[in-house]
Amino acid sequence: MKQLFTYLKPFFFLGFGLLLLFIAFNGINLNDFSIALKTIPFKWVFLSMLFGYLAYVFRGLRWFLLIRPLGFRPKIFDLVNAIAFGYLFNSFIPRSGEIVRCTALNKVSDIPVSKLFGHVLLERLIDFILLAICILASIVLNYKDFMSFASLFSIPKNIGLYVILFIVVIFFSFFIIKNNLKSDQLVKIQLFIQGIKTGFLSIKEIPNKLLFFSYTVLIWICYLLMTIICFYCFTETKDLNLGQGLFILVAGGLGMVVPTPTGIGSYHYLVIQALIALNISREIAQFFAIIVHSSQAVMILVAGFVAMVFLYRKKINKINE
């Protein structure tokens, strides 16, 4: 039963994303969208895609700083390609890219997967903190609009009980698994967990923490720019300011947190609602969400497939050496 759920989970989240997509685009006028598409200055769309890829580059540079204390010096190009390859897999199976990028880099550099996965966990924690900071800044800069947007969500009354139950289930599951594994299996698991811990704590060994922080900020500046650049695609959005751009970034970021393939549906729905809160018509909000998400999806697919080719070629060359 558990194995069946594992196989069906991607289809469940895809279905959920498609449902949100249907709700988000309910009533859209395809003829109007076709007309709008012809008038869009695509130089802004391509520039948005460029900033999306540039975020990969800064992630690769930041990842290199984490790997150096482990005694390895992979090529930045391989790191960027591994990241792009991981995002490609996320397009089909949500959250699979985290493991894929680690295994892909391991094949061309021999860096232990466990330590690389520790870096991924660290990055996810940093992303969560940066998203939280952006949310707080967005509330300060767009209080009324953000409160209108936040009214879409409601926190369950018994959320504390759910959290406690979740912790209890995790604890007992760990206890049952631990007592039913052989000693050699336990040793392998402990070594893997130790590797994750080593990778996660490698941030303490980084010699240039300011550079690490700078790359982190630049990643999120790229995310912001790839969003606000697309404001210039429509007359109704071109006058939105930087603070409002941050608001839309936060809405999109929350949409990407939902484990649907590339945020399909969830991204569109939340960005549309955020733009409506900024008094942008629903039709233009729908068009904007389509343009931004579709352009980034194309970038992810192209960059991912190109990365796959380069990583595969390097793997083959490594085997033949």
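Assorted remarks:
- Ranked VAL45, VAL309, criterion: other C-beta atoms within 10 Å, fewest first: VAL309, VAL45
- Pairwise label distance in nanometres, LYS209 with VAL298, each label 7 Å out on the Cα-Cβ vector: 4.3 nm
- Shape category assigned to the stretch 236-321 from the gyration tensor of Cα positions, a/c cut at 1.5: prolate
- Between VAL217 and LYS238, the contour length at 0.36 nm per residue exceeds the Cα-Cα span by 5.1 nm.
- Taking TYR87, TYR215 and counting other C-beta atoms within 10 Å, the order from fewest to most: TYR215, TYR87
- The stretch 273-287 - phi-based ³J(HN,Hα) in whole Hz, Karplus 6.51/-1.76/1.60, Gly and Pro as x: 5, 5, 5, 4, 4, 8, 6, 8, 4, 4, 4, 5, 4, 5, 4
- Spin-label model distance (nm) - ILE319 vs LEU125, 7 Å beyond Cα toward Cβ: 3.7 nm
- Stretched out straight at 0.36 nm per residue, the stretch from LEU152 to PHE305 would grow longer than its current Cα-Cα span by 51.4 nm.
- Peptides 140-150, 295-305 ranked from most to least packed give 295-305, 140-150, packing being the mean of other C-beta atoms within 10 angstrom over each peptide's residues.
- Remark: the stretch 67-80, residue by residue, has Karplus-estimated 3J(HN,Hα) of 6, 3, x, 7, x, 10, 9, x, 6, 4, 4, 5, 5, 4 Hz, where x stands for each Gly or Pro and the curve is 6.51 cos²θ - 1.76 cosθ + 1.60 at θ = phi - 60°.
Throughout, read-outs are computed from the coordinates displayed, never taken from laboratory work. Note that this is a predicted model, so its numbers are computed, not measured. Note that each Cβ is placed from the backbone with ideal geometry, even for glycine, and that neighbours are counted across all protein chains shown.
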